[in-house]
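Undergrad: The structure is given below, and queries will be raised subsequently.
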There are 2 protein chains.
Amino acid sequence: MTQVTTHGPHERATAPVMADVARLAGVSHQTVSRVLNLHPNVAPQTRERVEIAIAQLGYRRNTAARALATRSTCTLGVISVETSQYGPSSTLFAIEGAARAGGYFINLVSLRQVDRRHMREAVDHLMGAGVEGLVAISPLRSAVEALRGLSIDVPLVEVEATDLAAETGVVVDQHAGARAATRHLLALGHQTVVHVAGPDGWLEAQARMRGWQSALLDAGREVRDVLAGDWTARSGYAAGRELAGPVARGEVSAIFVANDQMALGLLRALAEAGLGAPDDVSVVGFDDIPEAAFYPPPLTTLRQDFGEVGRRCIELLMARIEGRPAVARPAIRPQLLVRASTGPPAGAPRPGGASGATPGP
Amino acid sequence: MTQVTTHGPHERATAPVMADVARLAGVSHQTVSRVLNLHPNVAPQTRERVEIAIAQLGYRRNTAARALATRSTCTLGVISVETSQYGPSSTLFAIEGAARAGGYFINLVSLRQVDRRHMREAVDHLMGAGVEGLVAISPLRSAVEALRGLSIDVPLVEVEATDLAAETGVVVDQHAGARAATRHLLALGHQTVVHVAGPDGWLEAQARMRGWQSALLDAGREVRDVLAGDWTARSGYAAGRELAGPVARGEVSAIFVANDQMALGLLRALAEAGLGAPDDVSVVGFDDIPEAAFYPPPLTTLRQDFGEVGRRCIELLMARIEGRPAVARPAIRPQLLVRASTGPPAGAPRPGGASGATPGP
DNA sequence: CCTCATCCTGTGAACGCTCACACGACCGTC
DNA sequence: GACGGTCGTGTGAGCGTTCACAGGATGAGG
């Protein structure tokens, strides 16, 4: 069936193509293309005629044809772990915004399980879509390793892969953040700091633990065993139950918890044991999730600038795609926010006025 | 420059195309296409030869060319509000998973601000990408309205647009959830229930408020003014401060808060005033975020099945794209989870041995 | 042995765009 | 007036796939 090619606004079965615009404007398809691509050598008058024709027909350039001809899809793939964790999802949105601002489309894959097979599938899916670059939000060691095994023939930027990808990714200096948290607690007068860590496979968890360790060692303080959690409030609660005894006996006066959710659970368990922060124990979290300021008590924590993470990510990826040299940037440092959950140890003189109300019985 | 066309695994400048596979397998490009598209009429032996050639060359079908020829991009657009709220981000991941399982790619746009201009841009961006269908995670009235104004020539499914899109979207019965929450509190013996609502523009907030209202009216109870929040723990905290007085004076004994984060802030404010749940007041939240079980005290709340929301979304969208009649499904009902934050009013006989209450019969 | 249907395969033309190139008009310069 | 350069425009050939159609085998039935 041949195409209907009437002028004027007309309901048509098929979407208008460049040739239709050209015919309506009385120019060649190439001139239309030039207008669309902002080529300088088009007479203003011609340009206007074409633009009117485009508007009149509601013409929209066919991306597939364009991609086929130019061999570029203007699409980036993002692989994210499927978690409603505050960090990854904030990062995802920041990445999307930055990519769109840079004229790229975002093709998303989320991974419920992070193993080699699922990672392979995800990468295949995205390569199949013809992405020109890949962002992996891969805070898990397993994700990084799964990625290592794969032969990926487009630029790849890893987010939060810490030291494993200092060269190829965007990192937040978790180590420095953890040091800051620990030093804050020591500066308040605590003898040492206990750590409730994130799950084993998470690189951030590891970096935070190391930072805590190094700060203690630098200060010549005792490094006790860590309690392992899994980011959930539930695991923080379990840790809190374990620590309630030592806290009550005065053996533990300061706790650095690897994220805010676990800190919530921990505070809950301590409260059930009749222990409150900062009177009986000081607690520092990590992330500054929006609720952290409303914990019982408001939580001292470390804020990460996820927006900046996303922007750097895309900047780096675009540079690599276009073959530009990537500007090396210092790692992003988390910022310590001191709230009500930390204070001097019980024996020390206290400034006073802290609310620290322990809810419940 | 003409293409190098050696056989065997060879590093080549350009990715192999169908013709290369055909040549290596000694068949025509069309036969390769048939193998790829699982056409039945291919001799098993030929199929195998082609498959070996594909594997050997690492051939990958060019999506752009395929899209151009078939006029289908296998891509869905998702517009999401940019929020790290538990609900929307869980829904997003669920949608992605369901779409990928159905063989579709997901093109994501997130909206920092939801107004007509940004919505228009988002839709344009996605239409430009050639999406075949659109999912809008649009829990905001403004989003729904912005969408209404736009002429979108692909199927659209709205998530969480409640009554405004009962026909065209996937909805969770917020109204029923709110009624369940309210009835639960009344059943415990509370005279009436106060409501801390979500922000004005959010449809879920409105539906939850109406549900609360209708349950009270059905029971012939007093409907007081609502306190408006904005989903954040901060606003819940503010509401808590306002309610502390009435609670202390025994004027308020039960509060239904429109989401869990606000409930957290509210509990915090009450705790600061020396008031605890469930002894002094009962509190119900909404969403069942993972932390809700670890609130002080563990929160009675309503769980929404976001995974189901995502799956229905894609099911509906695919049906519409393929012109199949969509199966009408009843709205998804949230499930009441009774935890420790709710109990009988202070005056009533109490089952448990909580603080200084008169033991029940 | 011929016919017809069925299976398998190949040929050429779209699909809608961009790229490389060619061409005429116009300007200034010698 | 001839010449080279720039500007504006048009022509035709791809990009890599699928679709429509045309064949050449092969087997069953007359």
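Undergrad: Express the C-alpha Rg of the stretch A:99-220 as a ratio against the empirical globular expectation 2.2 N^0.38 Å, rounded to two decimals.
TA: 1.31
Undergrad: Counting only other chains, what is the mean number of Cβ atoms within 10 angstrom of the Cβ of each residue in peptide B:330-336?
TA: The per-residue average across the peptide is 0.
Undergrad: Let me ask something else about it. Could you sort B:Glu272, B:Glu242, B:Glu222 by their accessible area in this structure, using a 1.4 Å probe and putting the largest first?
TA: Largest to smallest exposure gives the sequence B:Glu242, B:Glu222, B:Glu272.
Undergrad: Shortest first, in nm, what separates the label point of A:Asp200 from those of the same position in the other copies (7 Å along Cα→Cβ)?
TA: 5.3
Undergrad: Solvent-accessible area of B:Leu38, probe 1.4 Å, all protein chains present, reported in Å² to the nearest ten, please.
TA: Counting only protein heavy atoms, the figure is 140 Å².
Undergrad: If the label point is 7 Å along Cα→Cβ of A:Glu121, which residues in the stretch B:82-100 have backbone nitrogen under 17 Å from it?
TA: Residues B:93-100 fall inside that zone.
Undergrad: Shifting gears a bit: Work out the mean other chain Cβ neighbour count within 10 Å for the residues of B:293-305 and drop it here as an integer.
TA: 4
Undergrad: Determine the distance separating the Cα centre of the stretch B:314-341 from the Cα centre of the stretch B:145-224; give it in Å without decimals.
TA: 16 Å
Undergrad: Also, I was wondering about something else. Please work out the ratio of the alpha-carbon Rg of the stretch B:18-61 to 2.2 N^0.38 Å and round it to two decimals.
TA: In units of the globular-protein estimate, the stretch B:18-61 measures up at 0.96.
Undergrad: Among residues other than B:Pro139 whose Cβ falls under 11 Å from its Cβ, what is the net charge (Lys/Arg +1, Asp/Glu -1)?
TA: Around B:Pro139, the surrounding residues sum to -2.
Undergrad: So what's the back-of-envelope 222 nm ellipticity for chain A, counting only DSSP H runs of four-plus at -39500 (n - 2.57) apiece and dividing by all residues, rounded to 500?
TA: Rounded to the nearest 500, it is -13000 deg cm²/dmol.
Undergrad: Which value, in debye to the nearest 20, gives the size of the charge dipole of chain A about its Cα centre, when Lys and Arg are +1 and Asp and Glu are -1 at the Cβ?
TA: Rounded to the nearest 20 debye, it is 920 debye.
Undergrad: Before we go on, tell me the buried accessible area for the A/B pair, both chains summed, 1.4 Å probe, in Å² to the nearest 100.
TA: Buried surface at the A/B interface: approximately 4600 Å².
Undergrad: Continuing with the same structure: Using a 1.4 Å probe on the protein chains only, how many percent of the accessible area of chain A belongs to carbon and sulfur?
TA: It is 51 percent, rounded to a whole number.
Undergrad: With a ≥ b ≥ c the root eigenvalues of the C-alpha gyration tensor of the stretch B:174-303, is it rounded (a/c under 1.5), prolate (a/b larger than b/c) or oblate?
TA: In terms of gyration-tensor shape, rounded.
Undergrad: Here's another thing I want to ask about it. Keeping all protein chains in place and using 1.4 angstrom, which order do B:Ile314, A:Ile52, B:Ile54 fall into by accessible surface area, from largest down?
TA: Sorted by accessible area, descending: A:Ile52, B:Ile54, B:Ile314.
Undergrad: Here's a follow-up. Other chains near A:261-273: what is the mean number of their Cβ atoms within 10 Å of each residue's Cβ?
TA: 2
Undergrad: Which residues in the stretch A:176-198 place their backbone N less than 12 Å from a point set 7 Å from the Cα of A:Ala331 along the Cα-to-Cβ direction?
TA: Within reach of a label on A:Ala331: A:176-180.
Undergrad: Now a separate question. In chain B, which longest range has no trypsin sites (Lys or Arg not before Pro) that are both DSSP loop (not H, G, I, E or B) and surrounded by at most 14 other Cβ atoms within 10 Å?
TA: B:250-361
Undergrad: Normalised by the residues of chain A, what does the relative contact order come to in percent, with Cα pairs under 8 Å and at least six apart?
TA: After rounding, I find 14 percent.
Undergrad: Another one. Could you report the stretch A:85-154's accessible area per residue, 1.4 Å probe, as an integer in Å²?
TA: 33 Å²
Undergrad: Tell me which DSSP H helices of chain B clear both cut-offs, 15 Å or more of axial length from alpha-carbon atoms and a mean Kyte-Doolittle hydropathy of at least -1.0.
TA: Both cut-offs are met by B:44-57, B:86-101, B:174-187, B:203-218, B:233-248, B:260-272, B:306-321.
Undergrad: Also, I was wondering about something else. Of the options A:Phe286, A:Gly133, B:Ile95, report the single residue whose Cα projects farthest towards the positive end of the charge dipole of the protein assembly as shown (beta-carbon charges: Lys, Arg +1; Asp, Glu -1).
TA: Farthest towards the positive pole: A:Gly133.
Undergrad: Specify, per residue and in Å³, the volume enclosed by the convex hull of the alpha carbon atoms belonging to the protein assembly as shown.
TA: Convex hull volume per residue, Cα atoms: 205 Å³.
Undergrad: For chain B, state what percent of all Cα-Cα pairs lands in each successive 10 Å bin, counting from 0 Å until the bin that includes the largest distance.
TA: 5, 21, 23, 17, 13, 9, 7, 4, 1, 0
Undergrad: Taking the Cα centre as origin and putting +1 on Lys and Arg beta-carbons and -1 on Asp and Glu beta-carbons, what dipole magnitude results for the stretch A:174-303, to the nearest 20 debye?
TA: Roughly 200 debye for the stretch A:174-303.
Undergrad: Given contacts defined as C-alpha pairs under 8 Å and at least six residues apart, what's the relative contact order of the stretch B:174-303, whole-number percent?
TA: Over the stretch B:174-303, the number comes to 24 percent.
Undergrad: Loop-only GluC sites (Glu not before Pro) in the stretch A:74-181, please: DSSP not H, G, I, E or B, and at most 16 other Cβ atoms within 10 Å.
TA: In loop regions of the stretch A:74-181 (DSSP not H, G, I, E or B), the sparsely surrounded GluC sites (Glu not before Pro) are A:Glu167.
The values are calculated or read from the model by the stated rules, or taken from the named source; none is laboratory data. What you see is a predicted model, and the numbers here were worked out from it, not measured in a lab. Here the Cβ is made from the backbone with ideal geometry for all residues, glycine too, and neighbour counts use every protein chain on show. Accessible surface is based on the protein model in full, side chains and every heavy atom, while ligands, DNA and RNA are left aside. Shrake-Rupley method; radii C 1.70, N 1.55, O 1.52, S 1.80 Å.
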